[in-house]
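Asks: Shown below is the structure under consideration.
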Amino acid sequence: MNRIQMLLSQIDCIDQMITVKIENERNAMNDEFFTKLVNTHQKVSLAEKHFHVKNTCSPS
């Protein structure tokens, strides 16, 4: 019985380690996605500003 308890304890430990690893990977992927999303939004906003400035400077 002691051997089974030790194996179960090891399985629980490994399960916790894998869960933490998955959570860390998920968080890293979310951070990367939102960073790219913000960067893209900033680029689009800048492009829109340049477009509007160009349109206001062009002769009517």
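The values are calculated or read from the model by the stated rules, or taken from the named source; none is laboratory data. Please read these numbers as outputs of a predicted model, since none were measured by experiment.
Asks: So, PHE34, is that one at pLDDT 95 or above and either outside any helix (DSSP H, G or I) or not aliphatic (A, V, I, L, M) (or both) or not?
Replies: It is true that PHE34 is at pLDDT 95 or above and either outside any helix (DSSP H, G or I) or not aliphatic (A, V, I, L, M) (or both).
Asks: Continuing with the same structure: Out of curiosity, is THR19 at pLDDT 95 or above and not hydrophobic (A, V, I, L, M, F, W, C)?
Replies: It is true that THR19 is at pLDDT 95 or above and not hydrophobic (A, V, I, L, M, F, W, C).
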